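Inspection log for the structure reproduced underneath, given as structure tokens.
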Amino acid sequence: MSSRKPSPFFTPGPTTYPGSLAMLSLKRDLQMPVVLQTPNPTDPTASVIHTRFGSFPHTTLLNIPWGSQVIASQQSKRDAARGKKRKRGTADAAPDDADDNDSPVFETASSGFVHVLPPTPELWTAGLQHRTQVVYTPDYSFVLQRLRVRPGDVVIEAGAGSGSFTHAAARAVFSGYPGEGAEKRRLGQVFSFEYHEPRCESVRAEIAEHGLEGVVEVNYRDVYEEGFTLGPEAPRADAVFLDLPAPWLALRHLSRTEPSPLNPATTTRICTFSPCIEQVQRTVTTLRELGWTSIVMYELQHRRLDVRRELVSVAYDGLRGVNSNAASVDEALTRLRHLEEKTMEFHGKGKDTDTPAKKEKKGKDAVGRDKQEAIRRRERELQVWKEGRLVHRTEQDIKTHTSYLTFAVLPRAWSKEDEERCRKKWAVKTDTEDSNGDVTMKDDDAEV
Ligand SMILES: C[S@@+](CC[C@H](N)C(=O)[O-])C[C@H]1O[C@@H](n2cnc3c(N)ncnc32)[C@H](O)[C@@H]1O
């Protein structure tokens, strides 16, 4: 049995644990990655995370179910006062503090909370430290889907940059760790290349910290010069993603000529990510020259759609979050008629002994009671989520940047032996009819 700790990106388990990466969700679109620690006895204040929504000692975040809401903590007043005294070095602090243990004492703060979430590539992208422009979730989900990346596939990525795409690709290909009895199936891997040494080191350190070693291999290399081959049998890639300033310079290294970095047994799919159309033109020209086919370019224009039900009608009067105005002239007239009928009904009843003020009050009370009853009845009957008109509007603030994605396909390697094998296996049969009208199947393989 291997002692490898499973990556929290793949198998986070039911609860948080020491050493795990956790994403603190402060608010929508604001995530903070933290590695949870057991308190450090020599420096307990180091085990506290300070955010704009309050402070969170690691102890409050450990061993709780993922997704829990955690209330902020504050240093207890007594503890804080002692700290101040100690700072000022006042003489009166000494006797009181003589047997004082230095650990700060925390108590629940009156406001502020976070949710502690297991890491996912999406949350990592939202919270990671930007060392370069990154590929955002809407883009990489489209890229991985269009490249048909599946568990067990091998992906080449260049450059690694901030590691945003790397994490998404790792999850897409993951089919087990090496050395854990999963060798019967092909193990998915990401071969990442980066020529900027500090960035390469940072991605490598993050990959190790996130338990993704064995799934992701980070290589320090200039791919324009040295290409992607890592020995005679590696990487054998099924898909390639190039996020480089000049992808056309790297394309010549992605050929079927041995030693090739591509899997000879599968069709290779490629995607290049470029911020301007001139780069796309150069890439497409080179792809054509090198025999790539099915070349397609997409311009990405993301919009977030807010889809909801718009509830406008007097029928929704009294319900929350609705617009209880008449939605049409007919509705307005029906409503007025109804009110008129009610008023006449009320005035026409019983002996008229009340003063006008009393009458008005009684009328209002009756109308109020009726209305309350009607609202309660409607609330019971209505399926508000199905009511009204379905409308949508777009939000502009989605995180992404203008980009052009160029996709292409390189057919699998094809040798004379492959051709022969397939001709035998898939021999073409033709039908011939004799003079009796009987049909016989003829194998015309020999004639070809
Ligand atoms: C836009 S960033 C990639 C961002 C990355 N895809 C992500 O999602 O975080 C481009 C990276 O390509 C690297 N790069 C540029 N030319 C390179 C080359 N010839 N070989 C390897 N990496 C290169 C740069 O150092 C940079 O980090």
Peptide ranges 125-134, 189-198 listed from the most packed, as the mean C-beta count within 10 angstrom indicates: 189-198, 125-134
FRET efficiency estimate (nearest 0.05) - Cβ-Cβ, residue 130 to residue 64, R0 35 angstrom: 0.75
Amide N of segment 248-275 lying under 18 Å from the label point, which is placed 7 angstrom from the Cα of residue 425 along Cα→Cβ: 263-268
Sorted by average packing, counted as other Cβ atoms within 10 angstrom per residue and highest first, what order do 50-60, 299-309, 154-164 take? 154-164, 50-60, 299-309
So, for segment 122-298, what is the accessible surface per residue at a probe of 1.4 Å, expressed in square angstrom? 43 Å²
Going by amide H atoms built from the backbone, whose H comes under 5 Å of the H on residue 262, apart from near neighbours? 236, 237
Once amide hydrogens are built 1.01 Å from N within the peptide plane, the residues lying 5 or more places from residue 55 or on another chain with amide H under 5 Å from its amide H are 73
Once label points are set 7 Å from the Cα along Cα→Cβ at both residue 257 and residue 381, what is their separation, rounded to one decimal in nm? 7.9 nm
Amide H proximity to residue 159 below 5 Å, modelled H, separation 5+ or other chain, gives 243, 244
Percent RCO, i.e. relative contact order, over segment 240-320, from Cα pairs under 8 Å lying at least 6 residues apart: 29 percent
Taking N as the number of residues in segment 122-298, what is its Cα Rg relative to 2.2 N^0.38 Å? 0.97
If each of residue 246 and residue 38 carries a label point 7 Å out from its Cα toward its Cβ, how far apart are those two points in nm? 5.3 nm
How big is the accessible area of residue 142 in square angstrom, nearest 10, if you roll a 1.4 angstrom probe over the protein chains? 60 Å²
If I model a spin label as a point 7 Å beyond the Cα along the Cα-Cβ vector, how far apart are those points for residue 372 and residue 229 in nm? 8.5 nm
Theoretical FRET efficiency, 1/(1+(r/R0)^6), r = Cβ-Cβ of residue 328 and residue 108, R0 56 Å, to 0.05: 0.60
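The values are calculated or read from the model by the stated rules, or taken from the named source; none is laboratory data. Just so we're clear, the structure is a prediction, and the values are computed from it rather than from any experiment. Quick reminder, even Gly has a Cβ in these numbers, built from the backbone with ideal geometry, and neighbours come from all protein chains shown. What goes into the accessible areas is simple: the full protein's heavy atoms, side chains included, and nothing from ligands, DNA or RNA. Shrake-Rupley method; radii C 1.70, N 1.55, O 1.52, S 1.80 Å.
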